[in-house]
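Any read-out appearing in this document is the output of simple, stated calculations on the displayed coordinates, not a laboratory observation. If you're wondering where the values come from, they're calculated on a predicted model, not measured in any experiment. Note that we place each Cβ from the backbone using ideal geometry, even for glycine, and neighbour counts take in every protein chain shown.
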Amino acid sequence: MTLVQISMIVFVMTVLLTAVHFMFRAPDNDRLFGRARRCKWLDPLRMLILPCVSVFPRRDAGFAGWLRHLLTAACAVLFAVSFVTAYYQRFLEGRQITGYFQMIHIGSSAALMGCLIAAVFLSVRRFVFAPAENPFLRRKLSDTGRRVMPSRLMLKCMFWAILGLTLPLTASILLSMLPLFGTEVQEMLILIHRVSAMLFTVAVILFAYTLFCKWLDEVISPG
Amino acid sequence: MYLGWIENSMRDFRWYILLLLIPAAVTAAADGQDYIGDTSDGSRSPTVHILNLYDEQGTKILPSDEPLLPFSLRTTCGECHDYSTIAGGWHVNFNRPGVNPGRRAQPWIYADPTTATQIGLSYRNWPGVWHPEAIGMTPWEFALHFGRHLAGNLSEKDEGEAVDYQARWMESGTLEINCLACHDAEPGHDQSEYAVQIARENFRWAAPATGAFMSVKGAARDMPDMWDHLLGELPEDPKKIPPTVYYDPGRFDHDHKVFFDVSRKIPNNRCYFCHSNSDVLTTGMGKWTADQDVHLTAGLSCVDCHRNGPDHMIVRGYEGESEVSANPLAAATTCQGCHLGDESSVVSAKGRFAAPKPEHHGIPGVHFEKLTCTACHSGPRPEALTQPTQTSRAHGLGVHGPEKTASMLPHLYYPVYMRNDRGKIGPYKIFWPAFWGRRVDETIEPADIDSIRPLVEKALKDAARPDGEDWPEITVEHIRTVLGGMAKLKGFEGIPVYVAGAKVYALDAQGQVTESAHAAAGPGSWPIAHAVRPAEQALGEKSCEECHAKDAPFLFGAVTIDTPVVGEGSRTMTMIEFQGLDAGYMKSFASTFAARPVLKAVLFVIVFAAGLVLLLYGLRAAGAILRFLDPDNKDRQEHV
C-alpha cells in the first residue's frame, strides 16, 4: 500500500469519525438556531456556515484576541489552500505535485507556517497542560478534584501535535533545499515531509473540530 | 532489356560457382557446428591470430599467386567465426527485416547542395527518417554514398527483386562485413583507405586495403561493364588500372600464414572513425582543445561498456534497451546500471568499473524522473543559440580527400533538449529536412531524387552559391519553377511540395507558393550520449538558475531553423517548444528562484521558533512532571 493510499484512508477515516462524533454530540437545532427560525430545511446549510461564524472573535475581545482570531482565520484559509494543492494532483490525477499547484503550495504553506508560529506565540500559554489534566497522573494520585473537559484536553493535545509536526514538516523541506544531502537522504526527507503532512492534516482537522465543538458549547451555554 | 537479361543470368551463374567453391569451414555453420573462434575455454589471454588468407572462393592465397587476389573476410575470418551470426550484429544488420530498431540513432543523411536536399535515411524504422527507397536510392547507390562509413554487409542480394541497371556488383564485388574496421588493432590500419576504395567501387578490395600489410591500386570504377577481376584482363586505356592488391611478402611466414593484430578489445581509435563529433565553432576542425569523455579519461575504453557476444549485438547503453535487446548486459550497461545498479539486470552492475555513486547534493528527486542523465552530463552546455556540429558519418570526418568546410551540408545543430520516447528530456542533435516531394492527402513523402534532379538543377542554375558545399540561395521563384515543373512530370502523382526549414511549400490554384506546417517538416533528431562530463562540469552544478532562469538556454535557448530559402534563415524556435513544457509556467517558476533565499530564511526562522517553543515548554513540562512525581513535594495536591 502506498503512502498516497494510506493518506487517503487516514483522511477519510478522520473526517468520518468526526462526522459520526458530531452526529451524537451535536446540540438540538432548535437550541442552536432558535425555535422561531424560518425555513428549517435550511438547517444543514446553517450548520455549514457555523464554522465560519466561529472564526469571528467576541465583541469584548482585545487586540490580542482579534489578532489571534485573524491569524487563526488566515491559518484556516492557508491550510485549505495548502491541502488542496498538495493532494489534488496526487489523489485525483495520480501524479506528483507539480506546476502551478506546486508554486501555490510552496507559497501558501510557507505563509501558513509563518501565521501558525505567530499564532502559537500568541496563544501558547493557553495550551499549557496542567497536571490535573493528565488522566494518568490523576489516577496515580487518586485525585477526586474537579474534572477537566475532555475537549479541552483534546484541544491541547492537538495544539502540541500541530506544533510538534511543524518541525519535521518544515525542517525536511528546508534541509532538502540546501545542498547538504544526496539523493537517498533527499528521498527520505520528502518521505518525512509527506508523513508529517499526513499527520499534521489529521491534527489540524481534529483541532479545528474540537475548537468548533468548544465554541458551540459556549454559544449554547454561555458562561 | 536483352542486355539486362544476359547480365542477370551471368550474375546468377557466378553465384552458383561461388556456392560450389565455399570451403568446408564456412559450410560448418549450416551443420550447426560451434566455431572454434566463437567458443572459449575461459582463458583471458588473447588469441593470437596467425591465419591463412582466403579469397572469396575460399582458396588459400599465396604471395606468389598471379594474379594476387584480395583476401575475403567472410572466408578468412569465417574459418573460425560464424559469419552468418556476425551478420546479425547491430553494426551490420541495418537492412535485415525484423530487427527491432530500438532507440533512434543517427541516420544516414543524404545531402546534395545542387538539389537543395538534406534528408535522413535509414533502413531502420526510426521516426523522422526515410527508407532509402523513398528517394529511389538502391542498395548499390547506398553503398556508394555511405559505404565509406558502413561496416559492410551489402551485396547484390540486397537489391531484392528490383533490378538496378546502374549497379556494378559484378565488377566491384560485394561489400563484406569489414571485421578489420573494428578489430584491427595494428597501428598501420588505415580506415580512411576504406572510403577511398568505396569511391573507386573497389568493394571487394576495400577491407583488405585498410590493413597495414597490403595496399590496393586501381579502380573497378574505371573498368568496363562485365569486367572480371579473376580473368586479370586489362582495359584498353593504359591510364586505367584495374584493382590490384599488393601484399607485404615479409608478413607471410614459412607456411604462408599472416599475423593479424586483431583484438577483442577494440581500440577507441577504431570507434572514433565512425563515431567522431566536431564542434564547428568552438573547436573547429582542430581537436586539441576538445576534451574526451570522462569515462575514457578515467581509463575505460568504448567497448568496456559497449559489449557484445559472438552475435555482435552490441550494447548501445540507453535506458530501456533491455526491453528490446537479448544482450544480458543491456540492463547493466546504462548510466544508472553502473552508477546506481539496476534491479532488473541479470548481472551485478552497481559499481562496475569502480563507477562512483552519484550524490547529487541538494537536487530534488523530480529531476531524475524528468531528465535523462545525459541532460546534465553529456554534450556541450546549452547556449543562447544552438551550435553547428559535424559528425563522421554525416560529413565524412576522417576520410582523406574531400574538403570539409564549416558550412558544408548536412547542417547539424546541437544541443537541443527534447523529450524522448520515455518522456524524459535529454540533449539531441538535429537537422532540418529539405527535400522535394509529393503530398497525397495528408501524407508527404520525398520524390525520387534522380527523376527530379535534371529539373531541379536546371531551375536552380542561377541560384547564388556562396559555398559549393553549402545551401544554394533558393528564392520563392525558384520553388515556384521547380514545383510547377514537377507537376508536369510524366507519372508524377500527388501535389508537388518542397519541405524546408520546418515549412512545406506548395502551389495554390493560382500558381502562387503557399506555406504550411507538417510533421514531415519537423527536425530529424538523435540523442547525444557522449562526451560525458563529470559532476563538476554538469549542467546545474553552478546553480539552479543555470536551468531555472527566465533566459536559461536549457529552456529558452534559440534553436536554429536551417533552410536554403532566402529570407527564412534567421528564424529560430525556442528550446521549450521541443520539451512539451508550458513556457509561461517555467518563466513564473524561474522567477521564484529569486525569492528562494528569502524562503529558506523564513523556513529557518519557523523551524527555529517552533523548535524553541517546543524546547522551552518541553523542559518546563518535564520539570513540572518531575516536581509532581516527587514524593517530597508537599505542594503537589495544590496543583490539582
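Table for the structure above
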| item | result |
| --- | --- |
| Volume of the Cα convex hull of segment B:345-387, divided per residue and given in Å³ | 142 Å³ |
| Efficiency of FRET from Cβ geometry, residue A:70 and residue A:19, R₀ 41 Å, rounded to 0.05 | 0.90 |
| Shape category assigned to segment B:517-640 from the gyration tensor of Cα positions, a/c cut at 1.5 | prolate |
| Spherically averaged projected area of the protein assembly as shown from its Cα convex hull (nm²) | 54.8 nm² |
| Pairwise label distance in nanometres, residue B:292 with residue B:164, each label 7 Å out on the Cα-Cβ vector | 3.6 nm |
| Equivalent ellipsoid dimensions for segment B:45-195 as semi-axes, Å, which come from the Cα gyration tensor, largest first | 30, 19, 15 |
| Rounded to 10°, Cα long-axis angle of helix A:99-123 versus longest principal axis of chain A | 50 degrees |
| Whole-Å semi-axes of the ellipsoid equivalent to segment B:461-506 (Cα gyration tensor, √5λ, descending) | 22, 13, 9 |
| Angstrom value of the Kirkwood radius, inverse mean 1/r, which spans all Cα pairs in segment B:187-261 | 13.4 Å |
| Residue B:264 paired with residue A:212, simple spin-label distance in nm, labels 7 Å along Cα-to-beta-carbon | 7.4 nm |
| Within chain B, percent of DSSP bridges classed antiparallel, to nearest 5 | 95 percent |
| Gain in span if fully extended, residue B:233 to residue B:357, counting 0.36 nm per residue against the direct Cα distance | 38.1 nm |
| Gyration tensor verdict on segment B:53-138 (Cα atoms; rounded if a/c is under 1.5, prolate if a/b is larger than b/c, oblate otherwise) | oblate |
| Efficiency of FRET between residue B:626 and residue B:588 - r from beta-carbon atoms, R0 45 angstrom, step 0.05 | 0.25 |
| Geometric extent, Cα atoms of segment B:238-351 - Rg, Dmax (angstrom) | 20.4, 67 |
| Bridge type composition, the protein assembly as shown - antiparallel percent by DSSP, nearest 5 | 95 percent |
| Tail weight of P(r) past 22 Å, computed on alpha-carbon pairs of segment B:444-585, percent | 54 percent |
| Approximate spin-label separation residue A:185-residue B:240, in nm, with each point projected 7 Å along Cα-to-Cβ | 7.7 nm |
| Longest to shortest principal axis, alpha-carbon extents of segment A:1-72, angstrom | 49, 37, 18 |
| For chain A, size of Cβ-based charge dipole, Lys and Arg +1, Asp and Glu -1, in debye | 900 debye |
| Rg/Rg_globular for segment B:148-296, with Rg_globular taken as 2.2 N^0.38 Å and Rg from C-alpha atoms | 1.24 |
| Within segment B:565-604: backbone nitrogen closer than 18 Å to the residue B:515 label point (7 Å, Cα to C-beta) | B:565-574 |
| Per principal axis, descending, Cα span of chain B in whole Å | 127, 76, 42 |
| Cα gyration tensor of segment A:65-109 - equivalent ellipsoid semi-axes, whole Å, descending | 26, 10, 5 |
| In segment B:394-472, the GluC sites (Glu not before Pro) that fall in loop regions by DSSP, at most 12 other Cβ within 10 Å | B:403, B:442 |
| Range of Cα positions in segment A:172-223 per principal axis (Å), largest first | 57, 15, 9 |
| Kyte-Doolittle mean at least 0.0, axial Cα span of 15 Å or more - DSSP H helices of chain B | B:2-21, B:476-488, B:596-629 |
| Length added when fully stretched, residue B:44-residue B:566, from 0.36 nm per residue minus Cα-Cα | 181.8 nm |
| Segment B:239-283: mean projected area of Cα convex hull, nm² | 7.5 nm² |
| The protein assembly as shown - mean residue ellipticity at 222 nm from DSSP helices (-39,500 (n - 2.57) per run, n ≥ 4, rounded to 500) | -12000 deg cm²/dmol |
| q = 0.13, 0.14, 0.17, 0.19 Å⁻¹, segment B:322-416: log10 I(q)/I(0) [Debye, one scatterer per Cα] | -0.72, -0.79, -0.93, -0.98 |
| Spatial extent of chain A: Rg and Dmax, with the Cα atoms as the point set, Å | 19.9, 66 |
